[in-house]
1. Along Cα→Cβ, 7 Å out, is where each label goes; now give me the distance between the ones at residue 29 and residue 173 in nm to one decimal.
2. Efficiency by 1/(1 + (r/R0)^6): what FRET value for residue 140 and residue 251, r their Cβ-Cβ distance, R0 = 22 Å, to the nearest 0.05?
3. What is the diffusion coefficient of region 244-299 in µm²/s, taking the Kirkwood radius over Cα pairs and the Stokes-Einstein relation at 25 °C with a viscosity of 0.890 mPa s?
4. To the nearest 500 deg cm²/dmol, what mean residue ellipticity at 222 nm is calculated for the chain from DSSP H runs of n ≥ 4 alone, each contributing -39,500 (n - 2.57), summed and divided by the residues?
5. Name the residue farthest towards the positive end of the dipole of the chain from the options 213, 174, 122, assuming +1 on Cβ of Lys and Arg, -1 on Cβ of Asp and Glu, about the Cα centre.
6. Is the shape of region 161-271 best called rounded, prolate or oblate, per the rule: a/c under 1.5 gives rounded, else a/b larger than b/c gives prolate, else oblate, with a ≥ b ≥ c the square roots of the Cα gyration tensor eigenvalues?
7. Could you check how much of the accessible area of the chain is carbon and sulfur, as a whole percent, using a 1.4 Å probe?
8. State, to one decimal in nm, how far the label point of residue 119 lies from the label point of residue 226, with both points 7 Å from Cα in the Cβ direction.
Amino acid sequence: MIRFPLLFAFVATIGLAASSLYAAELPANVLAKSRWMELTRADYDQALTRLPENLRFEFSTSPRRVQGLLNNLLLTKTLAAQAKVHGTRPAGTLPKGSGIDADKALAAAELARIEADATKAFAAQKAVYEQKAREIYALERKKYVAPEEVRISDIAISIKDRGDDAALARAREARQKIIAGADFAAVAREYSDDPTSREKGGALPFVTAKALTPDYGKAVFALTKVGDIPEPIKGASAYHVVRLEERRAPRQQPFEYVRDAIMRDLEKRYVTEQRDARIQAIHSDPELQVNQAAIDALVNRVDPKLQKPRGAQSGQVAPK
């Protein structure tokens, strides 16, 4: 669902409409009008039918909910109209007719076009943004420090398959063989219940503490001497026989290593800014006319907890 900032205001409950909008003589059934679209009471009623019948009355007692629905309709219809002018088409088949579904498909396509154009514009200014990326790196060097890592070998003995006591006993047996001089990889291939690491003789790649479960990670990173093999460590689903193979201290990552990540972040922000600017332009359109009296009339001034129209419990819709 496309969500947009609030635009309409309700005189009796929230305050006067924004000063960028101007009052105009509009037909009673027209809620808002711009050079792009006309938002009518029929559009609102059609959108309201998407809600379950037994929820519609309560929905209409909330100015903020009605306000949000109207803003979604305004933005969707405006973007759909702009899509038609720009020749923008949805990726899939456009729903038949000219209702909400067709407008939503066109609006989504128009937003996708805006984002695609912004991506191209960013690429055209790559040199400028790469310089900005270097400035960000220089100002936020601590952000690009790689955390401490360890490389271990691991034999996992499943608790689920064997039970806690039997799994612990088997893990201790495997550890004792290694302590006595047996090859770790050979013992891993014989004892480990983890098929992936078992095939590699228990060898695992470098890993950070955050990548491990808390208790397991704490025990692993407590090892200080290469070759250490502590007592079996109990994890969430297995006992682990672990040997520390290598420890890698925190280190500053060079700009060349993090450049692409910074550039992706800059591109994402640029595209979002361009998208938001187009949406804001719709909100601040000085030619947008609002029928505030008709909009205020959409809200049922009734506390749904104190008074519900007859038949609301059975799913009937209140008479207007």
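1. Label-label distance for residue 29 and residue 173, simple model: 8.4 nm.
2. 0.85
3. For the chosen part, D equals 148 µm²/s.
4. Per the formula, -15000 deg cm²/dmol.
5. With unit charges placed on the Cβ atoms, the residue in question is 122.
6. Prolate is the answer for region 161-271, as a/c is 1.5 or above and a/b outweighs b/c.
7. Answer for the chain is 52 percent, counting heavy atoms of protein chains only.
8. For the pair residue 119/residue 226, the computed spacing is 4.5 nm.
The values are calculated or read from the model by the stated rules, or taken from the named source; none is laboratory data. Quick caveat: nothing in here was measured; it's all calculated off a predicted structure. When we count neighbours, we look across all protein chains shown, and the Cβ atoms used for this are built from the backbone with ideal geometry, even at glycine. All accessible areas refer to the heavy atoms of the entire protein, side chains included, with ligands and DNA or RNA removed. Shrake-Rupley method; radii C 1.70, N 1.55, O 1.52, S 1.80 Å.
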